[in-house]
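Trainee: Below you'll find the structure I mean.
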Amino acid sequence: MNDLDHIAKKRLLEHVLSTSTFAKSPTSSVLLEYLVNSTLAGADLKETSIGVDLLGDKFDAESGNARIRVNIYNLRKKLDNYYEDEGAEDAWRMVIEKGQYRVDFVPNKIEKPVRNRRRFLVPILLSALLLSWLIFFLVNRPEPAPFFWKGFFDNDASTSLVIGDSYGLMGELATGTHGWFRDYNINSLDEVYAFLEKHPELKNQVEPANYFYTTGMAAFATKELAALFQRNEADFTIRFSSNSSYSDIIEGNSIYVGPLKNENKFIRLFNEGNRAFNLQGNRLQFSGDSIQPQQEFNLSTEGLVSEYAIVSRMSGPKQTARFLFFSDHDIGVKATVEYFTNADSAQAFATRYFDGRDASFTAVFETRGVERNRLKLNPVLVSEIH
C-alpha cells in the first residue's frame, strides 16, 4: 500500500536530508536525493547510469561500478540507522531493496509483541542487544598500539612523517642529453651556489633541479605507517626532508624514513639524542656501553642483497616521540619499518632486549633481501638510551 503522491514524497525526502544523520554524510545525501528523483521520474536505474549521472566523464565503468555498489550499501545502512533512531516515529519509510536502486515508500510500522509472549521476548531481546554491543565493541575498538608507538597516540602533539628525498641538479648527462642527476655532496640550494663559486666554469652547465626524487621505500613505509596509525585512530602529515627545516622536525612527534647520504637534518637529531653513537657520512661509531664494546660500522654498501639499517626510538621535549629509520638503500628502511609496525615482532623485540619495558633505544640491523624482497633482519647491536 502506497498512498503518497510525488509532492509528499519530495517533502519526506527533504525532511530526511535535513536530519543530523544525513547532514553528516554528504555522499549518502546526494545519492539518496538522486535515487528518489530518478525513481519518481520513472528512470531505469543501473550502476553505470548512476555513475555517469553523478560523476560524468570521471566515471570509469570498470572500477566505478564497485564504488557505486559500496555507496548504495552504505546508504541502506544509513537509512536503517536513521529509522532506528531519529526516524523511529516517522509515518513513512524509504526503502532500497537489495539488488534494486529504486526507492520505495512504505508505512513505517513496528509490530508490538503479543502480551503473553512479552516475558519470553524481553530477556531474548536484551541478550541479543548485549551480544550485538559486545561484537560491535570487539570489532571496532582500536588495536592496541605496538610497543614503542604508544607515545605517538597518547600525547596531544601532531605527528610528521618526514620522507628522505634526494636533492637533484640539472645539466648535461653522459649521454649528451640534458636531464636530472645526483651529487651526494650537494644537498641544498646553498651547497649548489657554494659549488658553483668554486667552479665558475660550470655556471652555465649546472643548475638546481626544481624537483627531487624518492625511492620505493617512501611508498612502502608510508603505507605501513598509515595502516598502523589508522588502526589506532590517529593520523600524520607528510613532509620531505629537502624542504623541512630543523625547527620543523623538532616540533611535535616526528618519524623519519630514508637514506643516510642526503645529509638530512635528522642525522643531527640522531647524534644529539644518542650520546653513545656518532653518525658521520657513511660511518657509524659506537663508543660502547656497560655491556657492549666499542664498534664501528661501514654503512656504504651495494644495497642489492644486504645492508645495515639504523633504528632509533627517542623521546623529544614535552613528552613528544621520535622514530628514525636510516639505511643506505631501500631494503634496510623497508625491513625495519615493517618489523616495528608489526605488533608481534615489536613485542618480541621489547621482550628480548628490555624485559618488556617501553624503552628508548638505538639498534643496528643487518638486512638481507633477495631482489629487495623477502626481507630478513638480524640485530647486530642494540643499546638502550638513558
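Trainee: Would you list, by chain and number, the lysines whose Cα falls below 26 Å from the Cα of residue 78, excluding same-chain residues fewer than 8 positions away?
Mentor: Within reach: 9, 10, 24, 46, 58, 98, 109, 112.
Trainee: Of all GluC sites (Glu not before Pro) in the range 316-382, which ones are in loop regions per DSSP and have a Cβ with at most 16 other Cβ atoms within 10 Å? Spell out each step's value before the answer.
Mentor: Working: sites: 338, 366, 371; in loops: 371.
Sites meeting the loop and neighbour criteria: 371.
Trainee: To continue, here is another question. Return the lysines within reach of residue 150: Cα separation strictly under 20 angstrom, same-chain partners fewer than 8 residues apart disregarded; answer none if there are no such residues.
Mentor: Counting by Cα, and skipping residues close in sequence, residue 150 has these lysines nearby: 223, 318.
Trainee: Averaging sequence separations of C-alpha pairs under 8 Å and six or more residues apart, then dividing by the length of the chain, give the relative contact order as a whole percent.
Mentor: Averaging sequence separation for qualifying contacts and normalising by length gives 13 percent for the chain.
Trainee: What FRET efficiency comes out for the pair residue 219/residue 86, r = Cβ-Cβ distance, R0 = 41 Å, nearest 0.05? Intermediate results must be reported in sequence, preceding the final value.
Mentor: On the way: r = 42 Å, r/R0 = 1.04.
With a Förster radius of 41 Å, E is 0.45.
Trainee: Taking θ as phi - 60°, what are the ³J(HN,Hα) couplings along the range 74-86 by the Karplus curve (6.51, -1.76, 1.60), each to the nearest whole Hz, with x for Gly and Pro?
Mentor: 4, 5, 4, 4, 5, 5, 4, 4, 4, 6, 7, 10, 4
Trainee: Using the Kirkwood radius built from alpha carbon pairs, what does the Stokes-Einstein equation give as D for the range 176-323 at 10 °C and 1.306 mPa s, in µm² per second? Before the final figure, lay out each step's value.
Mentor: On the way: Rh = 18.1 Å.
This corresponds to a translational diffusion coefficient of 88 µm²/s.
Trainee: Could you check which residue among 205, 280, 100 shows the biggest mean-square fluctuation in a GNM of the chain with a 10 Å Cα cutoff?
Mentor: Between 205, 280, 100, it is 100 that shows the largest mean-square fluctuation.
Trainee: Taking springs between alpha-carbon atoms closer than 10 angstrom, which of 92, 149, 180 fluctuates most in the Gaussian network model of the chain?
Mentor: Maximum among the listed residues: 92.
Trainee: Okay, moving on. Quick one: length gained pulling residue 359 to residue 37 fully straight, 0.36 nm per residue minus the C-alpha distance?
Mentor: Gain in length upon complete extension: 109.9 nm.
Trainee: Separate question: Any chance you could run the full-extension gain for residue 203 through residue 278? It's 0.36 nm times the residue separation minus the Cα-Cα distance, nm to one decimal.
Mentor: Taking 0.36 nm per residue and subtracting the Cα distance, the gain is 23.4 nm.
Trainee: A further question on this structure: May I ask you to derive the FRET efficiency for residue 191 and residue 248 from their Cβ-Cβ distance with R0 = 22 Å, giving the value to the nearest 0.05?
Mentor: 0.70
Trainee: Just from its helices, what would the mean residue ellipticity at 222 nm be for the chain, if runs of 4 or more DSSP H residues each count -39500 (n - 2.57) and the sum is divided by every residue, rounded to the nearest 500 deg cm²/dmol?
Mentor: Helix contribution divided over all residues of the chain: -12500 deg cm²/dmol.
Trainee: Now, a different point. I'd like the FRET efficiency for residue 27 and residue 237, computed as 1/(1 + (r/R0)^6) with the beta carbon distance as r and R0 of 25 Å, rounded to 0.05.
Mentor: Working from the Cβ atoms, E equals 0.55.
Trainee: Here is a further query. Quickly work out the residue 226-to-residue 74 label distance, labels modelled 7 Å from Cα along the C-beta direction, and quote it in nm with one decimal.
Mentor: Each label point lies 7 Å from its Cα, and together they span 1.6 nm.
Read the figures in this text as sums done on the coordinates, not as results from a lab. Given the structure is predicted, the values throughout are model-derived calculations rather than measurements. Here Cβ is always computed from backbone atoms with ideal geometry, including for glycine, and neighbour counts include all displayed protein chains.
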